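Working notes, structure below.
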Amino acid sequence: MTLQAEVTATGYSGEPLVAQLVKLGHTPGLSSSNNPPSAATNAQCGQNLRQPPAWRRRRPADKVVSEQQKRAGSARSRGIPFQFKPDQAGLSFYRCKSRPRKDWIA
């Protein structure tokens, strides 16, 4: 799969930039209920009655899928391509994080 991030770097002409494509952890869907399951459902599934609502549960950590470096203001400043193979089928959400390499905290 190829995704292209459009990055603008004002005031950083010629400086090296680092861009990371990050796969976001699973977020409960809109079909998730904020109400706790009924006692009957809990008994059948063996779940804890005090389970927090979906919006309060921790989601898996985000994962860096790809990282690219490029100079700000270079001829190919239209976008930064990321090529990768998804680790699972289905819908996934990604975020691109970019900043000057000197400001990057590993």
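The values are calculated or read from the model by the stated rules, or taken from the named source; none is laboratory data. Quick caveat: nothing in here was measured; it's all calculated off a predicted structure. Using ideal geometry, Cβ is built from the backbone for each residue, glycine included, and neighbour counts are taken over all protein chains shown.
So the values come out like this:
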{"read-out": "Those residues of the range 88-104 which are within 18 Å of ALA61 (Cα to Cα), touching a strand residue (DSSP E or B) at 6+ places or on another chain (Cβ under 7 Å) and not in a strand (DSSP E or B), in sequence order", "value": "SER92"}
{"read-out": "Among residues of the range 20-34, those that are at pLDDT 85 or above and out of contact with any Lys or Arg (no Cβ under 7 Å at 6 or more places or on another chain), counted", "value": "1"}
{"read-out": "Output for the range 1-21, where each listed residue is touching a Ser or Thr at 6+ places or on another chain (Cβ under 9 Å) and in contact (Cβ under 8 Å) with a residue 24 or more places away in the chain", "value": "LEU3, ALA5, VAL7, ALA9, GLY14, LEU17, VAL18, ALA19, GLN20, LEU21"}
{"read-out": "Residue that is modelled with pLDDT of 65 or more and either part of a strand (DSSP E or B) or more than 30 Å from ARG101 (Cα to Cα) (or both), where the choices are GLN44, GLN69", "value": "GLN69"}
{"read-out": "Test: residue in the range 74-91 that is under 17 Å from the mean Cα position of the chain (by Cα), of a type outside the set (A, V, I, L, M), on the phi > 0 side of the Ramachandran plot and modelled with pLDDT of 85 or more", "value": "yes"}
